[in-house]
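Take a look at the structure below.
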Amino acid sequence: MNQKPAPVSEKQPLVILMTPRLILRTAVEEDISVLQNLIFGDSEVMRFAFAGAPMAKDAAEDFIRRSFTFGESLTGMAVLAEKPAGEVIGFAGLSPCQALEADDFEIGFVLARRAWGKGIATEIGEAQLAFGFEQLKCGRLLGLVDPRNAPSIRALEKLGMRYLATIAEPKRGSRLVYVIEAGEWRRRRAE
């Protein structure tokens with residue numbers, strides 16, 4: 001009897017966090033082209049993200065490979081999927097941020113057009129704040145946003161974040177810095 005070993009199954013992505021509607025998980029190779037089509041190649045989605053324009057396919061792939069978590073790390077950009085089917089709708093995550101010249105983390109989210117206007121930014125933002133304060137034990141968290149991006153500003157304000165400063169990011173242009181301290185977040189949650 002000729003018994004060959006069973007094929008090794010593709011490693012399942014690590015789930016970083018879940019909300020009632022969303023899954024934030026590590027990236028897998030197949031996500032690169034999906035994110036390119038949904039996010040990085042869409043001029044409407046990219047107008048307020050990064051340099052404000054779509055990325056070429058090779059630049060997007062390079063960015064994803066450098067900035068997304070593909071393994072065991074719980075920080076960095078990760079794939080945002082909608083339950084129950086796990087359909088990719090964008091990306092989010094907590095990334096190291098030196099905007100205020102300190103060792104902070106920035107919450108972030110970029111959503112495909114079909115996910116706009118559904119409260120998803122607020123839902124994933126709340127989950128990222130909880131993760132940052134409860135799991136990572138951060139003292140504060142930042143949110144950086146293009147000053148022209150009114151929907152994202154509203155989402156950060158709904159999360160209880162307050163405007164702190166305007167900075168010039170070398171690769172991202174002018175950004176408003178929103179902040180929430182751990183104590184503020186805990187008081188807000190207790191209300």
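Quick note on the stretch 19-131: its Rg to Rh ratio, both from C-alpha atoms and Rh being the Kirkwood radius, is 0.94. Among Y163, Y178, the order of accessible area from largest down is Y163, Y178, computed with a 1.4 Å probe on protein heavy atoms. Among the DSSP beta bridges whose two residues both lie in the stretch 66-191, what percent are antiparallel, rounded to the nearest 5? Taking every DSSP beta bridge within the stretch 66-191, about 90 percent pair in antiparallel fashion. The alpha carbon gyration tensor of the stretch 99-191 gives principal lengths a ≥ b ≥ c with a/c of 1.5 or higher and a/b no greater than b/c, which makes the shape oblate. Taking only the alpha carbons of the stretch 40-90, we obtain Rg and Dmax values of 12.3, 33 Å in that order. In the frame of its principal axes, the chain has Cα extents of 70, 39, 32 Å, reported largest first. Rounded to the nearest whole Hz, the Karplus-based 3J(HN,Hα) values (6.51 cos²θ - 1.76 cosθ + 1.60, θ = phi - 60°) of the stretch 137-148 follow the sequence 6, 5, x, 7, 10, 10, x, 9, 9, 4, x, 8, with x at glycine and proline. Estimated at the nearest 10 Å², the accessible area of L164 is 80 Å² with a 1.4 Å probe. When the listed pairs K83/K171; K57/K83; K57/K137 are checked against a 31 Å cut-off, the alpha-carbon distance exceeds it for K83/K171; K57/K137. Computed over protein heavy atoms with a 1.4 Å probe, the accessible surface of the stretch 17-110 works out to 45 Å² per residue.
Which net charge results when you count Lys and Arg as +1 and Asp and Glu as -1 among the other residues whose beta-carbon is under 10 Å from that of Y178? With Lys, Arg at +1 and Asp, Glu at -1, the net is 0. Evaluating 6.51 cos²θ - 1.76 cosθ + 1.60 at θ = phi - 60° for every residue in the stretch 71-85, the Karplus couplings come out as x, 9, 6, 9, 10, x, 6, 9, 7, 9, 10, 9, 6, x, 7 Hz, glycine and proline recorded as x. Placing +1 on the Cβ of every Lys and Arg and -1 on the Cβ of every Asp and Glu, with nothing else charged, gives the stretch 1-126 a dipole about its Cα centre of roughly 460 debye. Against the chain, whose longest principal axis is taken from its Cα atoms, helix 57-67 shows a tilt of about 80°. Quick check on the stretch 85-151: take the gyration tensor over C-alpha atoms, sort the square-rooted eigenvalues as a ≥ b ≥ c, and tell me if it's rounded (a/c under 1.5), prolate or oblate. Judged from the Cα gyration tensor, the stretch 85-151 comes out oblate (a/c at least 1.5, b/c at or above a/b). Ordering Y163, Q12, C97 by Cα displacement along the dipole of the chain toward the positive end leaves Y163 in first place; charges were set at the Cβ atoms of Lys, Arg (+1) and Asp, Glu (-1). Where only DSSP H runs of four or more residues are counted, the chain gives -7000 deg cm²/dmol as its mean residue ellipticity at 222 nm, each run worth -39500 (n - 2.57). Rounded to the nearest 10 square angstrom, R148 shows an accessible area of 150 square angstrom against a 1.4 Å probe.
The values are calculated or read from the model by the stated rules, or taken from the named source; none is laboratory data. Everything numeric in this text was worked out from a predicted model, so none of it was measured. Neighbour counts are summed over all protein chains in view; Cβ atoms, including those assigned to glycine, are modelled from backbone coordinates with ideal geometry. For the accessible areas, the whole protein counts, side chains as well, though only heavy atoms, and no ligand, DNA or RNA atoms are used. Shrake-Rupley method; radii C 1.70, N 1.55, O 1.52, S 1.80 Å.
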